[in-house]
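Chemist: My questions will all concern the structure given below.
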């Protein structure tokens, strides 16, 4: 007698600055995952029973709050926001950055510390600063591979 299949995972996308939404849709379709595209303003999403747009108020952190409140052990959260990643990890979700880098319990503490240091450095430079490196093909490829790996693992229960 075989065990029932686990419920389909849900991918929660912090969509406002997400460069990999199209990739999320393709990988989710292949794995039968649900997608929630969360933002403060409407985004175009594919017409699909599995993909839903969630538009939240324009309040500070409203999208982050919605994602954190809906994240659980059957969720994959796509975000570059380190503080949101920490909240979602605490809820049991898998978390990936747009470049495919996974956030996990072992790495989140140092990521938060680095964020704080960079924030202090930027504050001392009167607004002069770099920001993240440009998003490239290698980042997109790493993201696709990482999301596929996470969904395969979740599919196994």
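Quick note: the coordinates plus some simple rules give every number you see, no bench work behind them. Computed from a prediction, not measured in an experiment: that's the story for all the values here.
Chemist: Can you compute the radius of gyration and Dmax for region 21-65, using only the Cα atoms, both in Å?
Modeler: 11.4, 34
Chemist: Would region 1-99 count as rounded, prolate or oblate if I go by the C-alpha gyration tensor, calling it rounded below 1.5 in a/c and otherwise prolate when a/b exceeds b/c, oblate otherwise? Display every interim value, and only then the final one.
Modeler: On the way: a/c = 1.83, a/b = 1.30, b/c = 1.41.
Oblate.
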